[in-house]
Amino acid sequence: MKILIAGGGKIGSCLTEQLTNEGHELTVIDCSTAVLEDMMEKYDVITVAGNAASMSVLETAGVKDAELFIAATDMDEVNMLACMTAHGMNPKLTTIGRIRNPEYRIQAYEMRDVFGLTMAVNPEKQAAHEIARLLNFPGFLSVDSFAKGNVEIVELKIDAKNPLNGTKLSKMSDIVHAQVLVCAVQRNGQTIMPDGNFVIRENDQLFFTATPTNLTQMLKNIGIIAKKAKRVLIAGGGRISYYLVKELEKSGMDCTIMESDEERCHELADILPECTVIHGDASSQEFLDMEGVGDSDAVVTLTGLDELNIVISLYANTRNVSQVVTKLSHAENNKILDSLQIGAVISPKELAGYSILRYVRAMQNQEGSAVSVHRIAGGKIEALEFKVDKDTKHRGEPLRNVKTKSNVLIASIFSHGKVDIPSGNSRFNEGDTVIVVTTADAPIYNLNDIFED
Amino acid sequence: MRNAMNYKLIGKILGFILIIEALFLIPAWGISIGYHEHNAAFSILKSQIIILLVAAVLVFVTRNAKHNYYAKEGLVTTGAAWILMSLMGALPFYISREIPSYVDAVFEVASGFTTTGSSILTDVEAMSHGLLYWRSFTHWVGGMGVLVFLLAVVPLSGKNEGFTLHILRAESPGPSVGKLVPRMRQTATILYVIYIALTVLNVIFLLIGGMPLFDSVCHAFGTAGTGGFGIKADSFASYSPYLQNVTTVFMLLFGVNFSCYYLLLLKRVKDVFRDEELRTYIAIVVISTLLIAWNISGLYSTFGETLRHSAFQVATIISTTGFATTDFDQWPAFSKAILLLLMCCGASAGSTGGGMKVARLILLFKSGRRNFHQNMHPSEIRKVRVNGASVDEKVMSSVNGYLVAYVFIIVVSFFLVSLDGFSVETNISAVLATFNNIGPGFAAVGPTCNFSAYSNLSKIVMIFDMLAGRLEILPIMVLFSRSTWKKN
């Protein structure tokens with residue numbers, strides 16, 4: 001597919017990497033030739049220098065035969081204008097624009113026809129939504145929902161005290177007493193899709209599939225007391241903080257934002273009436289103690305500096321804060337971080353990248369394509385949700401008779417409101433939802449791709 | 001470089017104001033003729049001629065005034081206009097010798113224009129109908145403001161049309177005054193239409209209760225402007241309970257921010273009832289009424305009567321009207337304490353009432369709470385919010401500044417008035433009653449007494465207090481500030 005990307009920033013390059021890997025033809029538009037040269041060196045793309053909202057630049061970039069236009073420059077206004085212009089030049093074009101300013105949020109949705117926007121992506125809002133979900137599911141490092149929230153894939157780090165430490169997977173149900181399935185494990189930066197003989201060790205990151213109730217039960221049985229956060233401390237007062245507070249206040253949590261820029265503090269105090277806004281430097285430990293880090297149930301670090309976020313999260317951990325979430329913008333795949341106690345990691349650009357990727361996949365394969373795609377374990381594992389239709393093979397057959405590819409695992413089957421963690425006798429029928437876990441290096445586009453034959 | 005004050009334009013506007021005042025005297029003249037009061041009619045005619053002559057001189061001298069006009073001019077115009085209006089409006093009383101002292105006459109008219117309702121008359125019922133009407137009519141004019149009226153009828157605006165906002169700001173009560181619609185003329189018209197409609201409604205309700213037409217109109221004027229001049233020696237005591245209750249309701253209505261009525265016209269009922277100031281205002285009225293009713297329950301025969309007197313007095317004080325149905329000076333100390341506090345509290349911003357204004361009290365309370373909180377959490381940033389929207393820090397500091405000026409004026413006035421040798425209660429309530437535009441105070445200036453015993457100096461101090469209170473201090477203070485008159 002021919003795709004135009006405007007803007008070679010964080011999201012632009014993240015998308016370029018993923019989309020070229022999937023075999024699309026990419027043209028990158030950016031004002032800065034330095035950025036473009038860098039892109040040319042790293043990826044197999046062509047580039048056009050100039051303003052992406054101008055007709056002549058779009059013409060040169062070949063908007064007329066493109067199928068998809070992604071506007072990801074750092075200015076919302078340029079993105080909107082670029083989508084409008086591109087759509088005007090090629091009415092069949094699908095356009096995705098990054099619109100981040102909360103003030104434009106409503107019009108980017110309700111007036112998307114006027115702007116020629118097929119989809120508006122808001123990385124900050126997505127990140128905030130992810131963090132809010134994490135805080136609503138305490139105990140886990142990441143949470144992904146499938147089948148309208150009936151099935152979750154969660155990430156759990158095993159520490160030395162965990163009763164699962166040293167247990168064989170086949171014996172796990174004796175401890176957890178709940179219907180759960182381990183669909184992937186990360187160990188020393190390696191991703192493994194385990195079988196029954198796999199033995200859990202300290203520092204493993206386990207990915208479980210189960211229903212929310214089963215997950216709660218499991219946590220109880222392995223002695224992790226998970227109570228939902230009441231007091232949340234947020235370091236940094238950017239857009240994510242704004243969206244996050246808006247979401248958390250809906251579920252009744254008390255939020256405190258620390259921000260070092262006084263003017264921004266006043267703005268926040270203005271738009272977030274319920275939230276406590278504190279002006280001060282969150283990198284100072286004294287200040288953190290004074291404002292009650294130790295009394296918080298959760299600490300979320302959302303400053304603009306990855307290093308600062310890590311330091312604050314580490315400190316929060318030493319103060320026994322039960323939930324810590326760290327935002328990383330550049331260092332998200334740094335392996336050194338795996339050994340650090342910085343809690344769950346959120347990367348806004350990856351989240352936005354995945355959501356665009358999901359859209360591109362769906363565009364490419366209208367029939368039988370995944371309802372949703374989630375990348376877990378640092379992007380190395382994909383969890384996909386499919387709907388079983390009349391073209392799906394092996395419907396109604398017991399799974400023990402169905403041969404799937406070696407890197408594929410059927411994680412759960414959702415049928416008529418009931419979730420089944422599959423065994424050899426399980427089967428799926430037309431209308432069911434199937435959640436499949438696979439390694440990200442060999443993506444699947446259609447449910448039939450998982451079968452060996 | 002600062003702009004030199006545009007004296008010519010100020011003079012021109014003052015000229016227009018005087019013409020309007022002369023025109024406003026016509027009905028009073030007609031009524032005098034109707035009641036065959038030839039002395040009064042002749043005095044009014046003479047006053048009109050004097051006023052028109054002064055106006056003609058002013059307008060002629062300033063015929064080529066330039067239209068550059070800023071906040072300072074707006075304040076000076078407003079302050080000067082009100083003083084001039086009072087000086088000229090006193091002429092009919094003085095010329096007719098119905099009030100022989102000119103200071104007394106000015107006090108009476110200033111008390112009228114500022115909607116105070118404090119009187120120096122020992123026998124109201126001896127006055128001629130024409131002048132009684134003029135006395136009540138000054139309340140009605142002063143309630144909404146004569147400059148606002150000017151904005152509604154006279155095409156003053158030239159190139160620099162924004163200046164009219166300064167006038168609206170200077171003359172309308174409340175911490176933050178804005179327009180209702182984009183055009184100033186339309187805003188002023190809307191305000192006056194609401195004002196006239198409510199006044200007419202009030203007259204109709206009084207007529208239904210059997211009050212004579214002349215009495216109804218005069219009382220409706222007194223109620224609408226939240227003034228309080230009656231035409232009977234015992235104010236409202238001799239009227240029927242129905243008439244008293246109607247007046248209670250209308251006094252409270254005129255103490256509500258007029259933009260609430262505008263919102264009602266736009267059918268935004270929800271916004272009106274979510275308004276914090278309106279809610280607080282209603283809460284204060286209800287709680288005060290009940291507390292006083294409980295406190296005075298032994299004084300009247302039935303509970304209904306107790307409640308009626310309690311509600312009437314609360315309404316008359318909080319709306320800063322100043323009628324009375326009973327001598328509340330005889331009430332127990334607790335009830336008088338509540339009334340004294342209500343005197344300072346005053347009506348809503350943007351109403352015709354005076355006092356501190358409920359909106360300012362809300363802001364002061366919230367800013368106090370924030371200061372208290374800030375002491376314990378020095379780095380926390382908090383906004384003061386009213387109706388969900390955060391209040392600009394400029395407004396906050398102007399409200400704090402207002403409080404300082406308010407207290408300062410009360411202290412100085414109290415000090416000066418005390419020279420006359422009345423009791424402390426008399427003096428403090430006299431200052432509060434005039435400065436907050438209420439009317440009667442306690443003890444020697446209670447509802448059955450009057451202000452005539454004070455010396456001329458005290459009367460002038462109180463005239464100043466009334467004007468300062470009505471115009472919310474600034475426009476009057478500006479006239480006495482050196483920096484206003486200094487040339488660049």
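Observations on the structure shown:
- Sites matching chymotrypsin sites (Phe, Trp or Tyr not before Pro) across the range B:52-138 that sit in DSSP coil, with at most 16 neighbouring C-beta atoms within 10 Å: B:70
- Theoretical FRET efficiency, 1/(1+(r/R0)^6), r = Cβ-Cβ of residue B:330 and residue A:109, R0 56 Å, to 0.05: 0.25
- Summarising the label geometry, the points placed 7 Å from Cα in the beta-carbon direction at residue B:196 and residue B:270 lie 3.4 nm from one another.
- Point-to-point label distance, residue B:395-residue A:46, nm (Cα→Cβ direction, 7 Å offset): 5.8
- Rounded to the nearest 20, the Cβ-based charge dipole of the range A:346-414 about its Cα centre (Lys and Arg +1, Asp and Glu -1) stands at 180 debye.
- Note that the protein assembly as shown, at 20 °C in a medium of 1.002 mPa s, gets a Stokes-Einstein diffusion coefficient of 64 µm²/s from its Kirkwood radius over C-alpha pairs.
- Neighbours of residue B:97 by Cβ distance under 15 Å: Lys/Arg scored +1, Asp/Glu scored -1, total -4.
- DSSP beta bridges confined to the protein assembly as shown are antiparallel in about 55 percent of cases.
- Under the combined filter of DSSP loop state and at most 15 neighbouring Cβ atoms within 10 Å, the range B:236-326 retains these trypsin sites (Lys or Arg not before Pro): B:267, B:268.
- Reachable lysines, given that their alpha-carbon falls under 27 Å from the alpha-carbon of residue A:230 and they are not under 8 places away in the same chain: A:125, A:148, A:157, A:161, A:220, A:246, A:250, A:327, B:366, B:383
- The range A:291-345 - Debye-derived log10 I(q)/I(0), Cα point model, q = 0.12, 0.19, 0.23 Å⁻¹: -0.23, -0.56, -0.80
- In chain A, taking the dipole from charged Cβ atoms about the Cα centre, the farthest positive-side position among A:71, A:6, A:198 is held by A:198.
- Across the options A:423, A:121, A:280, the greatest Cα extent toward the positive end of the charge dipole of chain A (unit charges at beta carbon of Lys, Arg, Asp, Glu) belongs to A:423.
- Structure-based [θ]222 nm, the protein assembly as shown - -39500 (n - 2.57) summed over DSSP H runs of at least 4, per residue, nearest 500: -15000 deg cm²/dmol
- Sites residue A:401 and residue A:231, calculated FRET efficiency, Cβ-Cβ separation with R0 35 Å, nearest 0.05: 0.10
- The per residue volume of the convex hull around the alpha-carbon atoms of the range A:230-364 is 123 Å³.
- Pairwise Cα separations in the range A:127-221 fall into 10 Å bins from 0 onward with the following percentages, short to long: 16, 52, 29, 4.
- q = 0.15, 0.18, 0.21 Å⁻¹, the range A:366-450: log10 I(q)/I(0) [Debye, one scatterer per Cα]: -0.49, -0.72, -0.99
- Semi-axes of the equivalent ellipsoid of the range B:334-488 are 32, 20, 14 Å, computed as sqrt(5λ) over the eigenvalues of the C-alpha gyration tensor in descending order.
- At most 11 other Cβ within 10 Å, DSSP loop - trypsin sites (Lys or Arg not before Pro), the range B:348-395: none
- Charge dipole of the range A:231-321 (Cα centre as origin; +1 on each Lys and Arg Cβ, -1 on each Asp and Glu Cβ, all else neutral): 340 debye, rounded to the nearest 20.
- Per residue, the convex hull volume that the Cα atoms of chain A enclose (Å³): 151
- Along principal axes, Cα extents of the range B:166-288, largest first, whole Å: 45, 34, 27
- Here the dipole of the range A:2-121 is about 280 debye; that uses its Cα centre as origin and unit charges on the Cβ of Lys and Arg (positive) and Asp and Glu (negative).
- Whether the range A:2-121 is rounded, prolate or oblate, judged on the alpha carbon gyration tensor where a/c under 1.5 counts as rounded: prolate
- Here the spin labels are modelled as points 7 Å beyond Cα on the Cα-Cβ line, and at residue A:175 and residue A:60 they lie 6.1 nm apart.
A short reminder: the numbers here are calculations on the coordinates, not readings from a lab. Keep in mind that what you see is a predicted model, and the values were worked out from it rather than measured. Backbone-built Cβ (ideal geometry, glycine too); neighbour counts: all protein chains shown.
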